[in-house]
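Written out below as structure tokens is the structure these notes cover.
The values are calculated or read from the model by the stated rules, or taken from the named source; none is laboratory data. Computed from a prediction, not measured in an experiment: that's the story for all the values here. Here the Cβ positions follow ideal geometry from the backbone for every residue, glycine too, while neighbour counts run over all protein chains shown. Note: accessible area is taken over every heavy atom of the protein model, side chains too, but ligands, DNA and RNA are not part of it. Shrake-Rupley method; radii C 1.70, N 1.55, O 1.52, S 1.80 Å.
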Amino acid sequence: MARRSVRDDRALARPYRDLVWLAYLVLPPREHDPERRLVTAHRLAARALARAARAGDDFYPLARRRVLRAALRRDRLHALAPGGRRRPWRTSWWRAGLEIVPATVRGEDVGFTAELDRLPAAARAAYALTRLEGLRPEELAAAGLAHPARALAAVAGLEARHGAAGRLCRPSADPTLARVYARLPGSRARPVMVAVTVAAVLAATIPIWLGLSGGGHTPARGAAPAGHPGSGGPGVALVPAGAWRATPDPGPESWEPRGDLRADRALLGRALAAWGAPARTPPQLLYAGTVGGGRVVLLRVPGRVARYTEPVAPAAPATPIPSVASAAPTPSASALDGATGDGTAARRPAVAVFAEPRGARRGAAGPLEVAPGRYLLPPWVTEVAVAPLAGAEPRWRALGVRDGVTDPVPAEVVAAGRERCGGRGPVFRLRAPAVAGGAPYTMIDLGGAGMAAIRYEPPPPAEAGAPGPYELSAAPAGFGAWTRAGCPVRWPAGEVRSATAWEFWAGRLPERARGRWICLRFTGADGGSVTRGVLLVTARGRTRAITTGQRRDTWDCSRLGRDIVSGTWWRAPSRRWYYLAAGSRQVTGITVGRHDGDGAFLAVRGPRRGPEPSRTPRLSARTLQGAATPVFQAP
């Protein structure tokens, strides 16, 4: 009976590819025997996938744990073998005089790859799970990795040694893309190899170029490289229209090119030249068209997006801002390269390079900004509306779309966000019936090339969202929470992938005041997170926000860590000080210093007048399960 091929099953294509990458990086490096490592990685991935697929729809986490466990076991056995030696490697193609090895696709990262191979197996696993697959650090333990903090520290040290561009470095060889070589006749020892084919694919798909960088992917199957009849011009790759429909996790790698100038070979050549040949294989063309009186080209390689802009009649060479190697922080929307503040073209061509944005969940990729207030939508989005992050409820305004690009965001929406929320926003409501479960999802423009998912979790007694926090379109109170708690506080620097307002307590405060305690969680594109407590106090008709502590790189205020306690000093209208503390829905008791209280809220009287007390009392909480509760306290 013929075996089932992963290549013919699109539902298994992406999971298989991720499993191969995980197994390959965790398996012991073999400088003189790369074939064994490659084939073993594919065998482990196929075996785990075949067993886990019988478990139902949510099979991938189980398959991932099995691959990780098996690869780590083989690494330990390799270390115990004398001199790291194993029995000779013989395969059917070895007997046929052939050898298969991973294809080198990023020659510039060979040094980085050698250092990565010298890290412990657990660190290589952490690298594969966070940098390639896109897991958050707090998800590593659930994925089966012991001591994730130690492993992540080793990865961070490796990237730091490579400077500002360390985060953009990727393994030089792709185990899902292989090369076949012939062995010279008459050789007994390991023979000299002669290439007989350009590339042979062992993985589930046939990639045109490597898709890495935390959730980056290969282009959809059938993308045309440079020189192919389907090529869009010099050195660019095109994805066929509708390719995203056959992709289990659609992202920018499955976007077909759009724009009225996508066939303009001269324009594409200028854009590529301005970028400076960022890859050895063709970048993917996302957009080439006329926007706001100028020409715009969006190009993508895994992990990076370049935006080239020029006036209608370019008169000078493009200015690269910044270079690919520098990996400078994302510029703000108020200083877009090659465009002025009103969305019209600048006088000089320019190119800007950004970290590639990715959705916080599958199928929820966000738009890319092509000019101030103009956005390129994912091809599966059928409707878009915007609202300023201002007021208690959203005031949605529909935006027209032409060839994938939105009409300009209304000036009054931009002005309202600038006035009420420090220039953050607007918030977008995107409808994509074919993906993302069909429900609208919400994202916010924070000034980068991409957007951040923005969500809200209501306080008890409302039921907590089973799959996680709610989209703002499904939780009307979320707009008011974000306007009052999110706008006054400082947001993290760098690209934010998701922002969640987790309202864990609401109720009465002393002296007839009202309080809403909110946990703001920001997750970065690099997997790191910043979580802040914010208390909204309403007294005598006025509401103000008090920051009540901060923690970094934790599970706090996520579906993996739902319980916290937070405390702060507060001056009541009578000018008496109180120490207020509140906990999340599973908290059954709170201790502040020597004061104990049942329930999820406790107020302890402090000095009647004078400045804020300098002493911060010890704070702890009890839960139904008896677990330790993270503590947020203002310094």
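Taking the DSSP beta bridges with both ends in region 504-634, the antiparallel portion is around 95 percent. In the context of the full set of protein chains, region 504-634 has a per residue accessible area of 49 Å² (1.4 Å probe). Could you work out the local net charge near Gly486, counting Lys and Arg as +1, Asp and Glu as -1, over the other residues with Cβ closer than 10 Å to its Cβ? It works out to a net charge of +3. Can you tell me how region 504-634 classifies by the Cα gyration tensor, rounded, prolate or oblate, using a/c under 1.5 as the rounded cut? Here region 504-634 falls in the prolate category.
Taking the Cα centre of region 477-630 as origin and assigning +1 to Lys and Arg Cβ atoms and -1 to Asp and Glu Cβ atoms, the resulting dipole is close to 800 debye. Of the solvent-accessible surface of region 359-487, computed with a 1.4 Å probe and all protein chains present, 51% belongs to carbon and sulfur. Estimated translational diffusion coefficient (Stokes-Einstein, Kirkwood radius over Cα pairs, 4 °C, 1.567 mPa s) of region 359-487: 88 µm² per second. Placing pseudo-labels 7 Å out from each Cα toward the beta carbon at Leu560 and Val401 gives an inter-label distance of 3.2 nm.
Per residue, region 359-487 exposes 36 Å² of accessible surface when a 1.4 Å probe is rolled over the protein heavy atoms with every protein chain present.
The distance separating the Cα centre of region 384-405 from that of region 488-550 comes to 24 Å. A full extension of the chain between Glu412 and Ser614 corresponds to an added length of 68.3 nm, given 0.36 nm per residue minus the alpha carbon distance.
Within the accessible surface of region 526-635, defined with a 1.4 Å probe on protein heavy atoms only, the carbon and sulfur portion equals 46 percent.
Amide H contacts of Thr554 (H built 1.01 Å from N, in plane; Pro and chain starts excluded): Ser529 sit under 5 Å, all sequence-distant by 5 or more or on other chains. Annotation: amide H-H contacts under 5 Å for Asp563 (H modelled 1.01 Å from N, sequence separation of 5 or more, or interchain): Cys557.
Sorted from longest to shortest, the spans of the Cα atoms of region 370-420 along the three principal axes equal 31, 21, 13 Å.
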